[in-house]
Amino acid sequence: MAQRSPTLLFIHGFPLDSTLWRPQMQDLGRTHRVLAPDLRGFGANAGDLPEAMTMELYANDLKDLLDHERVEDVVLVGLSMGGYIAMSFLDQWPGMVRGLVLANTRAGADDKEGVKARMEMARNAHDKGMAVIAKGMVPKLLSDRSLSSGTKLASEVEAMIARQRPMATAAAARGMAQRPDRSTWLRNVKVPTLVLTGEQDKLMPLATSQAMADAIRGATLVVLRGAGHLSNLERPDLFNQHLAHFMNRW
Ligand code: MLT
């Protein structure tokens, strides 16, 4: 009997919301069961926030959602912070995960400088406000090609960041600062894995994605031409094509 296709669970990055996944929801949603929740505090999710939202807490929320939706088999698609959360989910509930897509993310933990920058981000979210954060982040999130292509993408991403809650942004920044180094853990990953990144990702160097793909047995690495850190928005055509191909095995 043919194996039923698992549900695709899209996990957004920081400090964004589920609308990040609109091109994937529209396209893959025609052929697969898809879920793209707002993580706690982001978008329409006004859940209570602790001081630090660790990757484990987000993963717990996702497990509750899947239980509520009676989903037993899932392919996790995490972009950047979403990738950190996907790895935490797989670590905790390996029996539910049929496949893993790690987009524009990394396995390493923050170094000392990185932790300092997270604390500054948490302070700035409160003190300066999300509009200022958004202006500063957009040039780092998009490739120069996307920034100069005259599309509405840059203003859409800026608006997406600007509408997030400072509290959620600060809690996520503190949570990311606490995440463990999963570089060696990757060797235990036993599910089919696709590692995707953009050739112009300014936040996650290509070597980071290459190292993840090398560490996970059988993983495939795909580098999307012209894309930066938000590769799924910048090259939805290629991103969706590779994701659909990955899903074909079911
Ligand atoms: C993201 O896009 O989720 C962030 O760049 C992740 C991070 O800051 O480490």
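The values are calculated or read from the model by the stated rules, or taken from the named source; none is laboratory data. Quantities reported herein were computed from a predicted structural model and do not represent experimental measurements. Note that we place each Cβ from the backbone using ideal geometry, even for glycine, and neighbour counts take in every protein chain shown.
Side notes on the structure shown:
- When residues of segment 216-242 are limited to those that are β-branched (Val, Ile, Thr) and surrounded by fewer than 19 Cβ atoms within 10 Å (Cβ to Cβ), the one farthest from the ligand (Cβ to nearest atom): 220
- Applying a threshold of 8 Å to beta carbon distances and a minimum spacing of six or more residues, or different chains, the list of pairs starting in segment 52-65 at a residue that is under 24 Å from residue 121 (Cα atoms) and ending at one that is among the β-branched types (Val, Ile, Thr) and at pLDDT 95 or above reads 55/85; 58/11; 58/85; 59/85.
- Counting only residues that are part of a loop (DSSP other than H, G, I, E, B) and in contact (Cβ under 8 Å) with a residue 24 or more places away in the chain, segment 127-152 holds 3 of them.
- Any helices (runs of 4 or more DSSP H) falling wholly within segment 1-118 and containing at least 3 residues that are at positive phi and within 12 Å of the ligand (Cβ to nearest atom): none
- Qualifying position, being more than 14 Å from residue 200 (Cβ to Cβ), touching a Ser or Thr at 6+ places or on another chain (Cβ under 6 Å) and either among the small types (Gly, Ala, Ser) or modelled with pLDDT of 95 or more (or both), among 131, 125: 125
- Just one residue in the set 85, 133 is over 21 Å from residue 37 (Cα atoms) and of a type in the set (Val, Ile, Thr); that residue is 133.
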